[in-house]
Amino acid sequence: MNLKHLTDKTLILDTKHLVSRERDITLKLLHHLKEIERRRLFSELKYGSMFEYLVKGLGYSEPAANRRLHACRLLKDLPQIEEKIANGSLNLTNLSLIGQLFKSENIQDKKEKIGILEKIENTTKRECEKELLKHTQNTPPPKENIRQLNTDLHVMKLNLKEETVNLFNEIKSVLSHNRLSNDEMMNRIFKIALPIIKNKKFKLNAKFTTPAASPSITRYVPNIIKKQVYERDGGKCTKCNGSYKLEYDHIKPYAMGGESSLKNLRLLCFSCNQRRLK
Ligand SMILES: [Zn+2]
């Protein structure tokens, strides 16, 4: 199909017309599916469920089948949404989200359902999800995990707060010209952040501003000594080589007159330090 000959105006008008026809067809399709389900025709066609019929019999992808089924059942339950599907203020994606909410929160009351549906009219998927969260009871956050797919690839599942996601999206948009994958972007951020965090914690930027010649008998460890201890011990626990929760440990305890000097300090991880104190 070659549309190069169309004027801009015709192209826009035709597209608008097609969208409206597409919605019309979607609505008709939902009615057809509703009727097939009512007659349980899918089992006549040797499918175990409507879902199976949509996927295997009609060739929809699983998510697409789910969206249509949710919408079809909502249309059966609340016929008044027909017009809103037709004019596009409710789309299949949002209907599917709300269908899942009604099910998971066991919302039965039709008035309540209509009330929620009105709030998600003309919303994007993200806006819709946000609105629906208001009607979700305190479900515990899903478990976080890291799964290894192959030697190099891992899948991480994290629960992130709104602010973190906004920061992530902001960096993503700043770097959008670079067309980075999430992995490449996070890799870049971590490589930038790690030295900064390390410098801050282990004072790797410390300079000889005041002479550290006379190691003082105070608990306070000067930044320059922290830097020297960290570098001498290679940023690892001197007992187990670990790097989790590192602390500066006085070999001869401060309470027994131990100095805060390079000689008397070492890096220990929290567990080794705890074991030592026992
Ligand atoms: Zn250790």
Could we say that residue 174 is surrounded by 14 or more Cβ atoms within 10 Å (Cβ to Cβ), more than 16 Å from the ligand (Cβ to nearest atom) and at pLDDT below 90 here?
-> no
When (1) surrounded by 13 or more Cβ atoms within 10 Å (Cβ to Cβ); (2) assigned to a helix (DSSP H, G or I); (3) of a type in the set (Phe, Trp, Tyr) are applied to residue 248, the one that fails is (2)
Keeping to the stretch 219-245, report how many residues are surrounded by fewer than 16 Cβ atoms within 10 Å (Cβ to Cβ) and either at positive phi or of a type in the set (Phe, Trp, Tyr) (or both).
-> 6
Residue in the stretch 148-166 that is β-branched (Val, Ile, Thr) and either outside any helix (DSSP H, G or I) or assigned by TED's automatic domain parsing to the domain that holds residue 89 (or both) present | yes
Odd one out for residue 107 among (1) part of a loop (DSSP other than H, G, I, E, B); (2) over 28 Å from residue 161 (Cβ atoms); (3) of a type in the set (A, V, I, L, M) = (2)
Residue, nearest to the chain's Cα centre (by Cα), within the stretch 33-68, restricted to residues that are under 21 Å from residue 95 (Cα atoms) and of a type in the set (A, V, I, L, M) | 64
Could you check how many residues of the stretch 240-263 are away from the ligand (no atom under 16 Å from the Cβ) and in contact with a Phe, Trp or Tyr (Cβ under 9 Å, 6 or more places away or on another chain)?
-> 1
Starting from the stretch 254-278, keep only residues that are over 12 Å from residue 238 (Cα atoms) and in the same structural domain as residue 223 (by TED's automatic domain parsing), then list their pairs with residues that are among the polar types (S, T, N, Q) and more than 14 Å from the ligand (Cβ to nearest atom) whose Cβ atoms are within a distance under 7 Å, requiring at least 6 positions of separation or different chains.
-> 258/264; 260/216; 260/218; 262/228
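The values are calculated or read from the model by the stated rules, or taken from the named source; none is laboratory data. Remember, predicted model here, so these are calculated numbers, not experimental data. Every residue, glycine as well, gets a Cβ built from its backbone with ideal geometry; the counts of neighbours run over all protein chains shown.
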